[in-house]
Amino acid sequence: MKAKDILSHVDHTLLKQTATWAQMQRVAEEAIRYGTATVMVPSCYVARLARIYGARLKVATVVGFPNGNASTAAKLAETAQALADGAAEIDMVINIGMLKAGDEKYVTDEIRALKALCGERVLKVIVETCFLTREEKIAACRAVTEGGADYIKTSTGFGPQGATLEDIALFRAHIGAGVKMKAAGGIHTRAEMEAFLAAGCDRLGASSAVAVLKDAWEEEQEK
């Protein structure tokens, strides 16, 4: 794959607790220059980025991040504010404890409520696979599908393990036809990015994708 094509599937991500406004501006400008799908940032920066960069930049943010165990009401309020600030996409974390306790309905209902609020804007659902058994991952696939989300996403990147190709294969076998897949967490090389895309992912969450691919991208522009 060309570097340009890979980058078009990347959410250029900066979610570190120590991230500053200057760093947010840098990743936003990189996202625009290299044509990433979005820039993925903490919600406190959404309004400023949307105001400064406008239609040139698609801004995404996270909700219930990274633990997922805020109340549904809190997640809805967080989502509503992010959408009002100009977020084009929302990546929410499920309530992992509820899923592990067998309360699949709670998880499904929460996803459905956030998707209803997002409307035409994209909702991705982070299920944090590193904490789930195989059967719980399958239950998460059902909840994401029945809740009407646009994407199922592997990981926050803050857990002990990120995306694996095995989990993507499991997702692919159990999600509904309308659900896309996003791999995130621990994706650092071009080979890894290409492997996840080849496995059927439509989106990648990666903080290092631009750094890894920008030289190849520049070479492609010169040809």
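Below are the figures for this structure:
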{"read-out": "Distance between modelled label sites at residue 142 and residue 121, nm, 7 Å Cα→Cβ extension", "value": "3.1"}
{"read-out": "Protein accessible area in region 107-197, 1.4 Å probe - carbon and sulfur %", "value": "52"}
{"read-out": "Out-of-range pairs (alpha-carbon distance over 25 Å; input 58/137; 16/100; 100/182; 124/223; 16/214)", "value": "58/137; 16/100; 124/223"}
{"read-out": "MRE, 222 nm, helices only [DSSP H, n ≥ 4, -39500 (n - 2.57), over the chain, to nearest 500]", "value": "-14500 deg cm²/dmol"}
{"read-out": "Cα-projected label distance for residue 16 with residue 169, points at 7 Å along beta-carbon direction, nm", "value": "3.4"}
{"read-out": "Listed values (i) 0.98; (ii) 1.00; (iii) 0.95, entry calculated as Rg/Rh (Cα atoms, Kirkwood Rh)", "value": "(iii)"}
{"read-out": "Rounded accessible area per residue of the chain, 1.4 Å, Å²", "value": "44"}
{"read-out": "FRET efficiency, residue 47 to residue 74 (Cβ-Cβ, R0 25 Å, nearest 0.05)", "value": "0.85"}
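The values are calculated or read from the model by the stated rules, or taken from the named source; none is laboratory data. In this text the structure is predicted, and so the values were computed from the model without any measurement. Here the Cβ is made from the backbone with ideal geometry for all residues, glycine too, and neighbour counts use every protein chain on show. To get the accessible areas, we keep the full protein, side chains included, count just its heavy atoms, and leave off ligands, DNA and RNA. Shrake-Rupley method; radii C 1.70, N 1.55, O 1.52, S 1.80 Å.
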